[in-house]
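The numbers here are math on the coordinates, done by the rules we state, and not lab data. Everything numeric in this text was worked out from a predicted model, so none of it was measured. Positions of Cβ are generated from backbone atoms using ideal geometry, with glycine treated the same way; all protein chains shown enter the neighbour counts.
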C-alpha cells in the first residue's frame, strides 16, 4: 500500500509548538472557576492563534445571553453573534463563557452590554477585525438589535451572514 503524502509541506503538518505551548498563563481552563461577580471583574484569557498567517473567521454564538434592566432589574435576553479575524491571539472559550455569564446579575442597557462585550474582546485579543450582533428579545413590545464592529472587514474574507432572523412576534 502506497503511503499518502500530506498536502502541507513537511514543516506545516501540525501545530508549530507543543500542545501546551502558550497555555501556561491560563488560570480558568481545566479547573473549577466561579462565575465572576461582574463583567468588570471577569477575566478574558487568550491563547496563541495556531494560524496567525492565515485569513480566517472565528464565530462565537451565545443564543441564551442574559442581563438585567438597569432600572427595573427585570431580566433581558439576547442572541449574541461574535465574528472576528484573529491576529496573534484568540479568546479562550471557558473565560468567554464566564465573562458572558457575569452579565446575569448586571444591570445595563442593551446597547451598553453589546458594545462593552465587543470592546473587551478587542482589548483582550487585539484582533484584525471584530463585529458583534446583539439580537435582543422584546421588552415593552420593542425588540432592539445592536451592532458594533471595529471597521471594515479585511479584503477577501469569507464573511457569512449572521443568520439571525428579525423578531416577528407570534404568528
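Condition first: more than 17 Å from residue 117 (Cβ to Cβ) and part of a loop (DSSP other than H, G, I, E, B). Now tell me which residues in the stretch 129-150 satisfy that.
140, 141
If I ask for residues that are under 17 Å from residue 61 (Cα atoms) and either free of Cβ contacts under 8 Å to residues at least 24 places away in the same chain or more than 16 Å from the chain's Cα centre (by Cα) (or both), which ones from the stretch 124-143 would you list?
Selection gives 136, 137.
Is there a residue being within 16 Å of the chain's Cα centre (by Cα) and at positive phi anywhere in the stretch 144-152?
Checked the stretch 144-152: no residue is within 16 Å of the chain's Cα centre (by Cα) and at positive phi.
Can you name the residue in the stretch 144-162 that is touching a strand residue (DSSP E or B) at 6+ places or on another chain (Cβ under 9 Å) and touching a residue at least 40 places away in the same chain (Cβ under 8 Å) and, of all such residues, is nearest to residue 38 (Cα to Cα)?
Only one residue tops the list, namely 162.
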